[in-house]
Amino acid sequence: MNNQTRNPEMIPNNFAANWRRAIESGDASGFMDREDLVGFFTATGANTGGYDTFMKLTDDEKDHVVEMRSHYPAESLEAATRAHAKRSEAAQAVIARNKANLVTTPAASEPPKSVSWEKAIAKTNASFGMMAADIYARRNKARGV
């Protein structure tokens, strides 16, 4: 067994006394019912959102939690299933909200063009046209056409 120094900050203060006892000693007799076990596994499970809590535990405490998971596989699986369903529902809600935004958002209109800008473009195009005509005339003259 590991002889690690116990840091009281490792087990969250909001954990019930029976949860603390279960983590510290591996004693699962204090759990009130199946829902209490599922809640415990949700709070301490890596795949249920309790990863940070689990990683703060000492090695012995981690071993106790893992042993309890293996002794109560149905409750551990239920915690993981509920966490997955909760994440899936949240993702579906975001997708639905985004789809709703796409449907209700009006199409962007093209910004109005400036009359002075249009005149400047026309003038530039005309000067390019004259320049091109001049280039072709010089080329044709050089070729003797």
Exercise. Projected onto the charge dipole of region 93-145 (+1 at Lys/Arg Cβ, -1 at Asp/Glu Cβ, origin at the Cα centre), which of ALA132, VAL94, VAL145 gives the Cα projection farthest towards the positive end?
Worked result: VAL145
Seminar exercise, completed: Asserting the computed 222 nm helical MRE of the chain (DSSP H runs at least 4 long, -39500 (n - 2.57) per run, divided by residue count, to nearest 500) equals -23000 deg cm²/dmol
Exercise. Residue by residue, what Karplus-based ³J(HN,Hα) values in Hz, rounded to whole numbers, does region 137-145 have, using 6.51, -1.76 and 1.60 with θ = phi - 60° and x for Gly and Pro?
Worked result: 5, 5, 5, 5, 5, 5, 7, x, 8
For this session: Among the aspartates and glutamates, select those whose C-alpha is under 14 Å from the C-alpha of LYS56, and discard any that sit fewer than 8 residues away in the same chain.
Result: GLU9, GLU24
Exercise. According to a simple spin-label model (label point 7 Å from Cα along Cα-to-Cβ), what is the distance in nm between ARG138 and ARG82?
Worked result: 8.4
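If the only charges are +1 at each Lys and Arg Cβ and -1 at each Asp and Glu Cβ, what is the size of the charge dipole of region 19-145 around the Cα centre, to the nearest 20 debye?
The dipole magnitude comes to about 2080 debye.
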Seminar exercise, completed: Of VAL115, VAL94, VAL65, the most mobile residue in a GNM of the chain (C-alpha springs, cutoff 10 Å) is VAL115
Problem set entry | Student exercise, region 20-74 dipole from Lys, Arg, Asp, Glu Cβ charges, in Debye to nearest 20 | 120
Seminar exercise, completed: Rounded to a whole number, the Stokes-Einstein D of region 32-145 in µm²/s (Kirkwood radius over Cα pairs; 25 °C; 0.890 mPa s) is 116
For this session: Using a Gaussian network model of the chain whose springs link C-alpha atoms within less than 10 Å, name the residue from THR124, THR53, THR81 with the highest mean-square fluctuation.
Result: THR124
Problem set entry | Karplus 3J(HN,Hα) series, Hz, for region 27-36 with 6.51 cos²θ - 1.76 cosθ + 1.60 (x for Gly, Pro) | 8, 9, 5, x, 5, 6, 7, 4, 4, 5
Problem set entry | Max mean-square fluctuation residue, GNM over the chain, Cα-Cα springs under 10 Å, options ALA132, ALA16, ALA79 | ALA132
Seminar exercise, completed: Straight-line reach check, LYS99, cutoff 24 Å on alpha carbons, 8 or more apart in-chain or any other chain, hits among lysines -> LYS86
Seminar exercise, completed: With the 8 Å Cα cutoff and a minimum separation of six or more residues, the chain has a relative contact order in percent of 20
Exercise. How much FRET efficiency would the formula 1/(1 + (r/R0)^6) give for MET10 and SER70, where r is the Cβ-Cβ distance and R0 is 25 Å, rounded to 0.05?
Worked result: 0.70
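Every read-out reported here was derived from the displayed coordinates using simple, explicitly stated rules and does not represent laboratory data. Just so it is clear, the model here is predicted, and its values are computed rather than measured. Backbone-built Cβ (ideal geometry, glycine too); neighbour counts: all protein chains shown.
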